Amino acid sequence: MLQRYDGHNLGRKPHIALLGSNKVGNFVVTIPLLAALKRRYPEAVIDFWGSELTADFERALPQLAWRCSWDRSEENLFQQLASAASERLDAAGPIDLLINCDGFNPLTQVLASWLRPQWVAGAALKTNGRQTVPWGDHPFQKFLNDPDWDSPAFLERYGGLFPSNYIAELLCRLAYLEETVTAIELPWVKPPFVVPDVLIHATTTRAAKLWPLPHWQELLAWCEAQKLSVGLVGSAPALQREQYNAGDVETELLANSALIDLRGQTSLIQLAGACKAARAVVSVDAGPLHIAAAMGTPTLAIVGNDVDGVGASPIRLWMPRSANACRTISPHSCAGCAKLRFRNDGCVVEGHGCMASVLPEQVIAWLLPLTSGQVASSIITNV
């Protein structure tokens with residue numbers, strides 16, 4: 001019988017499976033959960049059903065005994081997943097606890113049911129495939145059905161059981177692990193090029209989080225005047241345009257500056273190495289932001305959120321908590337995205353004031369000490 005996990009002790013050597021995401025930031029925030037599980041159950045056998053996108057990272061994680069991608073593009077994917085599941089369960093035995101870290105994905109809900117664990121944390125279908133497993137009454141269970149994870153009211157509703165809204169900590173609570181997460185450690189590999197002083201990432205899957213092209217141009221002109229080399233990171237150009245709202249922004253930046261085009265030249269684990277070697281990373285709210293923050297490199301998130309955290313990004317939920325990660329502060333306050341639970345793509349008000357009001361001078365002020373071998377930390381460092 002598939003049961004909602006309630007903190008039950010799993011014994012000395014449990015078989016645990018995690019279902020991950022095919023988004024970079026989502027993967028990064030599962031790392032604290034893996035580390036916490038291994039501390040709680042040092043002899044646990046931990047499997048990871050993840051993504052081809054983050055496969056290099058997953059293979060390098062010391063906590064994992066086995067991993068498989070659930071998002072491969074083969075035509076016979078269903079048969080391959082069924083074969084992989086059968087072979088793995090024969091080798092490692094039944095799954096004691098399955099944690100679905102991508103629970104709003106219908107595919108992972110189905111997979112969580114088909115793998116037939118004893119206990120499940122996160123969303124899953126019942127074994128009859130007709131309904132979802134009930135959420136449960138404990139706050140570490142029922143928060144999954146809460147429609148709003150990003151607001152201060154979320155913390156008030158649960159009476160202090162959650163120290164913050166940070167998604168990495170919420171994932172730990174699914175497994176009844178009371179971790180407080182600051183830094184996240186990722187494996188890395190040296191990239192196949194000389195790393196510029198500064199790396200930038202300008203695109204994102206939600207257009208509401210984009211920084212205006214003229215602002216990027218002004219920032220790059222300042223960097224060039226200061227003789228700071230700057231590299232543009234991201235996926236290959238065609239993929240950037242298709243999935244990350246690149247449009248003509250990157251083309252314009254590359255055509256009218258000394259910006260170095262590094263898009264598509266690294267795997268993600270090599271991108272981590274590039275971020276580690278850079279003197280600073282500046283990124284909109286997207287996957288590379290999380291990778292850079294995990295590398296310990298001074299990292300600035302360009303977000304359209306005011307001093308209280310209201311704005312285009314759900315930063316209470318997603319902003320990295322490491323001391324090296326800072327964010328911009330928009331003088332323009334707009335709750336339009338929050339009212340829509342950040343499900344909108346583009347800006348919902350004319351003028352895109354929250355992002356447009358984050359002027360290049362704010363980013364330059366953060367980078368200015370780089371010309372003397374340091375990086376400023378004067379911009380807000382919390383959410």
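Every number here is computed from the coordinates shown, using simple stated rules; none is lab data. These figures come from a predicted structure and were not determined experimentally. Neighbour counts are summed over all protein chains in view; Cβ atoms, including those assigned to glycine, are modelled from backbone coordinates with ideal geometry.
Round to a whole angstrom and tell me the spacing of the C-alpha centers of the stretch 22-52 and the stretch 94-163. The stretch 22-52 and the stretch 94-163 have Cα centres separated by 16 Å.
Can you show me the helix-derived [θ] at 222 nm for the chain, built from DSSP H runs with n ≥ 4 at -39,500 (n - 2.57) apiece and divided by the number of residues, rounded to the nearest 500. Result for the chain: -9000 deg cm²/dmol, rounded to the nearest 500. So what does log10 I(q)/I(0) come out to for the chain at q = 0.10, 0.11 Å⁻¹, using the Debye formula with one equal point on every Cα and no solvent? Results for the chain at q = 0.10, 0.11 Å⁻¹ read -0.66, -0.80. Take the cross-link list K126/K276; K23/K276; K13/K190; K142/K190 and give me the ones stretching past 32 Å between alpha-carbons. Too far apart for the 32 Å limit: K126/K276; K13/K190; K142/K190. With a cut-off of 12 Å, note down the residues of the stretch 47-72 whose backbone N falls inside the zone around a label point 7 Å from the Cα of A91 toward its beta carbon. Those under the cut-off are 47-48, 65-68. Comparing the stretch 198-372 with the 2.2 N^0.38 Å rule of thumb, its C-alpha radius of gyration ratio is 0.96 (two decimals). Among residues other than D148 with Cβ under 10 Å from its Cβ, the summed charge is 0 (Lys and Arg +1, Asp and Glu -1).
Exposure proxy ranking for H138, H15, based on other Cβ atoms within 10 angstrom of each Cβ and starting from the fewest, stands as H138, H15. Shape class for the stretch 312-372, computed from the alpha carbon gyration tensor (a ≥ b ≥ c): oblate, with a/c not under 1.5 and a/b at or below b/c. A Cα-only calculation for the stretch 3-174 places Rg and Dmax at 15.6, 48 Å. When you restrict to C-alpha pairs under 8 Å that are six or more residues apart and normalise by the size of the chain, the relative contact order lands at 15 percent. In terms of the mean number of neighbouring beta-carbon atoms within 10 Å, the peptides 284-290, 319-325 order highest first as 284-290, 319-325. For M1, M295, the sequence from fewest to most other C-beta atoms within 10 Å is M1, M295. Backbone geometry of the stretch 250-264 corresponds, through the Karplus equation with coefficients 6.51, -1.76 and 1.60 at θ = phi - 60°, to 3J(HN,Hα) couplings of 5, 4, 5, 5, 5, 6, 10, 7, 8, 4, 9, 7, 10, 5, x Hz, x marking Gly and Pro.
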